[in-house]
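Only one structure is covered here, and it is reproduced in the block below.
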Amino acid sequence: MDVELIEIREFLAGNAPFDRLPDEVLDRLPQRLTVRYLRRGTPFPPGDDDRPYLYILRRGAVELRDADGNLISKLAEGDLCPSPCGDGAPSMGGLRGQTTEDTLAYLLPCEELDRLRAAHVEFAAHFDASVSERLRTALDAMTHDAAGTALMTVQVRDLLNRALVHGGPDISIRDAARIMSEARVSSLVLTEAGRLVGMITDRDLRNRCLAAGVSPQEPVRRIMTEHLHTVRDDTLGFEALITMSRLNVHHLPVLDDNGVRGVLSTSDLVRVQSANAVYLVGDIRKARSLETLASISGRLTELQIQLVHSGATASQIGQAITAVTDAITTRLLELAEAELGAPPVPYCWMAGGSQARREQSSYSDQDNALLIADHLKPEDDDYFKALARRVNDGLDACGYIYCPGEVMASNDKWRQPLKIWTKYFNTWIKRPEPMALMLSSVFFDLRPIHDPEGLFGELAERIHTMSKKETIYIAYMAANALKHRPPIGFFRNFVLIRGGEHNQTFDIKHRGIVPIVDLARVYALSAGLDEINTVERLRAAGAARALSSDGAANLVDAYEFIGTLRMRHQAEQLKRGEMADNFLSPEELSPLERGHLKDAFALINKMQESLGQRYQAGRFA
Amino acid sequence: MSRLLLEWRRRWRLRRLAACPLRDYLEAPFPQPRRDYRDVEYVAVDLETTGLNARRDQILSIGWVCLAGNRIRLNSARHRLIRVRGNIPADSAVIHQITDDVAASGIALSTALPELLADLAGRVLIAHHARVELRFLTAACRRLWGQGLLVRALDTQTVARRLLERRQIPFKGSDLRLHSLCERYNLPRYGAHNALSDALSAAELFLAQAAHRDTGHGMKLGDFL
């Protein structure tokens with residue numbers, strides 16, 4: 001072909017489904033096209049074509065409206081317009097269109113489209129709605145295309161930059177220190193017959209030996225850490241980073257099939273990644289005032305932006321940000337206890353909602369509650385009220401705004417002893433009512449944040465026993481899970497908000513993410529699973545056959561894809577110094593991403609419908 | 001030149017020319033200016049040259065694409081590199097990226113020009129700032145066949161200037177450049193200074209200009225000339 005039509009070829013190659021065609025077919029495709037220009041305001045399709053064509057938008061925009069004039073969809077650059085081509089290709093189906101911008105379109109004759117579909121299975125598959133594969137490819141592409149993929153793709157074995165330095169547990173502390181000093185390392189792995197038995201770090205030498213007055217002649221076994229968290233050598237750098245932030249440790253032994261392979265330290269990770277949840281968490285634990293905490297939490301936006309740019313998925317970002325929120329919560333409790341004195345009876349600080357699920361983005365609002373030991377006396381509540389007030393105010397000062405629904409520990413209703421909590425859940429489970437449904441997303445996603453006496457386990461056990469016997473509340477929750485529907489019209493077009501501040505956008509959180517979170521909760525509860533995180537719930541539910549394993553895998557992919565688009569949208573806003581929101585315009589997306597997002601929405605729709613049928617959810621709506 | 005005289009001159013020249021590609025081209029009558037522009041066929045043409053002087057400088061490449069009414073047929077897109085005499089001046093090579101090596105892979109003008117003429121027969125030539133294209137093509141025809149090129153030509157730059165003047169919109173010379181106008185009409189920007197890309201841009205610009213002037217009552221070809 002004439003190489004100069006290369007620009008048209010490249011345009012096609014960047015758009016679904018043409019990206020699936022082999023190079024030599026793409027080379028010849030531009031010659032099959034006709035070019036038309038439609039002025040803004042022209043009816044679409046223009047109606048003066050000599051034969052049926054598929055319109056591919058090169059520039060401009062087309063709006064499609066139903067018979068009542070409601071906007072059904074807005075097509076933009078790279079989109080395929082509804083056509084008379086039939087057989088799975090998008091069709092006008094009674095809609096009326098109009099160009100809303102000056103529009104240049106490429107026209108592919110329907111018979112050429114048929115020929116391509118007959119000859120190229122992958123291309124044809126686009127029209128046959130093989131949603132799952134398209135989504136997975138899209139997710140891969142998005143996380144791999146990001147700049148600085150370092151931690152996302154590198155395995156920890158490639159981060160270990162030296163041979164393992166190790167010794168036996170019975171050598172003296174002094175010898176251990178000497179080995180570390182000579183090898184210039186900050187940690188020493190202790191092994192017995194090749195098996196990992198413990199580890200010491202610089203800090204242990206200082207805190208557990210010198211400061212504690214232990215003789216350096218003692219065996220190192222006396223001061224070593226025995227119960228170690230380890231990672232496998234094929235773990236992704238990013239996962240190791242999250243493990244370290246969650247555990248607040250700076251060293252992780254790395255294992256392969258033959259035993260210990262080395263020690264991963266935070267500095268190994270810092271070499272590849274400067275934004276670091278571990279350091280934020282470290283700083284939080286040292287913070288002595290609310291002001292310091294608030295200034296550290298101000299760096300969360302930076303963390304989110306950097307994670308997005310390094311190609312992290314929504315789940316990974318959610319884990320990292322929630323690790324920071326957990327640390328801030330814990331630190332606020334410690335500071336409050338330092339001021340108010342020790343608690344009169346044991347208590348557990350519980351987080352609900354996105355913090356419980358480890359799915360926060362920077363600046364979610366706060367959902368929390370207090371579980372208190374049953375033997376509290378009436379006068380003790382003054383203490384817990386003051387404690388809760390301090391922590392709720394502190395979280396608000398750190399950017400976690402007060403929960404609009406008042407689900408906070410400072411609210412008397414949500415600061416109760418175990419027996420009252422048991423009663424609450426008993427009501428929600430046995431006599432479900434609309435209020436319980438509203439609260440379900442908060443209280444059926446519950447996680448202990450600070451629980452020194454282990455009170456939460458008892459509550460969890462009771463909830464488990466109660467819910468096993470009852471199924472009615474699950475039917476109610478299933479109905480509730482169908483409330484938020486994805487913004488997709490009946491033939492795969494975005495349904496957008498009309499007018500107002502968010503004109504021509506859709507709410508990606510409530511119409512994309514919440515539906516999947518709600519579905520996952522229903523699956524998990526119906527199978528009696530303890531998982532709280534949405535991805536973990538879906539995987540476990542797939543394994544427990546609460547839904548098909550394909551369905552589970554596809555929903556995970558859809559969730560990650562939508563969530564990652566949302567995180568990226570917010571990171572862009574934060575970078576521009578704006579408030580992050582959830583209102584996404586299809587124009588922010590590449591044509592490929594738009595296609596995949598439609599796939600994800602279609603999948604949610606399908607899963608919602610099948611859930612609705614299973615629980616006959618209409619009866620409870 | 002007067003539009004009415006053009007057809008008369010075509011017949012006169014046809015009688016005086018011996019058999020050659022230029023004579024074949026002249027066999028087809030020019031489209032009549034009173035016809036609806038949507039029923040006329042066009043060829044958008046662009047040339048890359050070694051300079052601006054049609055007598056001294058040479059054609060380096062020709063790009064063209066045919067239009068049937070208000071539709072561009074991409075299957076008619078052609079791009080021909082021309083083998084030139086002597087070296088390509090360095091300053092022009094910087095602009096169009098055609099070096100001596102590239103040009104050496106080209107074909108003779110006497111091969112390429114008949115191809116263009118065959119497509120141009122019975123059609124209107126579209127070019128942006130058409131004077132340059134017309135001068136070079138005329139010079140080439142005269143060299144090869146002893147006669148200049150007679151053609152019905154539509155200059156998208158002239159169409160644009162008239163529109164701005166009629167609406168009394170002030171404009172700078174740079175506003176009339178091909179790529180500035182394409183941007184104004186929301187057209188894609190192709191890599192500049194490639195003969196086919198620019199020919200395609202000129203074709204798209206014509207579609208846009210026609211769509212914006214056509215109020216639904218139809219326009220005559222003559223309204224654009």
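Compactness of the protein assembly as shown is given as radius of gyration and Dmax, 35.8, 119 Å, from Cα positions.
Absence of a disulfide-compatible partner, taken as no other cysteine beta carbon within less than 4.7 angstrom, is noted in chain A for A:Cys81, A:Cys209, A:Cys348, A:Cys398, A:Cys403. In a DSSP loop and with at most 11 other Cβ atoms within 10 Å, the trypsin sites (Lys or Arg not before Pro) in the stretch B:1-69 are B:Arg34, B:Arg55, B:Arg56. Roughly what angle does helix A:173-183 make with the longest principal axis of chain A, taking Cα atoms, 0 to 90 degrees, to the nearest 10? Computed tilt is about 40 degrees. Axis of helix A:434-443 versus longest Cα principal axis of chain A: the two differ by about 60°, to the nearest ten degrees.
The stretch between A:Asp257 and A:Lys606, if pulled fully straight at 0.36 nm per residue, gains 121.4 nm over its current Cα-Cα span.
Ranked by how many other Cβ atoms sit within 10 Å of their own Cβ, fewest first, the residues A:Lys413, A:Lys469, A:Lys598, A:Lys606 fall in the order A:Lys469, A:Lys413, A:Lys606, A:Lys598. Rg of the Cα atoms in the stretch A:443-575, relative to 2.2 N^0.38 Å, amounts to 1.24. As a rough footprinting exposure proxy, the listed residues B:Val43, A:Val214 were ranked by other beta carbons within 10 Å of their own, and the order from fewest upward is A:Val214, B:Val43. Hydrodynamic estimate: the Kirkwood radius of the stretch A:3-128 over Cα pairs, inserted into Stokes-Einstein at 37 °C and 0.692 mPa s, corresponds to D of 220 µm²/s. Which lysines, on any chain, are close to A:Lys430 with Cα under 20 Å apart, when same-chain ones fewer than 8 places away are left out? Correct list for A:Lys430: A:Lys413, A:Lys419, A:Lys468, A:Lys469. In terms of overall dimensions, the C-alpha atoms belonging to the stretch B:124-163 reach 37, 16, 10 Å along their principal axes, ordered largest to smallest. Of all lysines in the structure, the ones whose alpha carbon falls short of 22 Å from that of A:Lys575, not counting any fewer than 8 places away in one chain, are A:Lys509. Stokes-Einstein diffusion for the stretch B:65-221 at 20 °C, viscosity 1.002 mPa s, with a Kirkwood radius from C-alpha pairs, works out to 124 µm²/s. The spread of Cα positions in the stretch A:152-274, taken along each principal axis and listed from longest to shortest, comes to 44, 30, 26 Å. The charge dipole of the stretch A:471-621, taken about its Cα centre with unit charges on the Cβ of Lys, Arg, Asp and Glu (plus for the first two, minus for the last two), comes to roughly 400 debye. Toward the positive end of the charge dipole of the protein assembly as shown, with +1 on the Cβ of Lys and Arg and -1 on the Cβ of Asp and Glu, the farthest Cα among A:Leu333, A:His464, B:Gly122 is that of B:Gly122. Legend: ranking of residues B:Ser110, A:Ser187, B:Ser76 from fewest to most surrounding C-beta atoms inside 10 Å; resulting order B:Ser110, B:Ser76, A:Ser187.
For the stretch A:316-429, pairs of C-alpha atoms spaced more than 23 angstrom apart make up 28 percent of the total. The C-alpha radius of gyration of the stretch B:180-225, expressed as a fraction of 2.2 N^0.38 Å, stands at 1.28. Using only Cα atoms and rounding to the nearest 10 degrees, what angle (0 to 90) does helix A:277-286 make with the longest principal axis of chain A? The angle comes out at about 40 degrees.
Coordinate-derived values only; no laboratory data. Keep in mind it's a predicted model, so treat the numbers as computed, not measured. Counting neighbours? That spans all protein chains shown, and the Cβs are built from the backbone with ideal geometry, glycine included.
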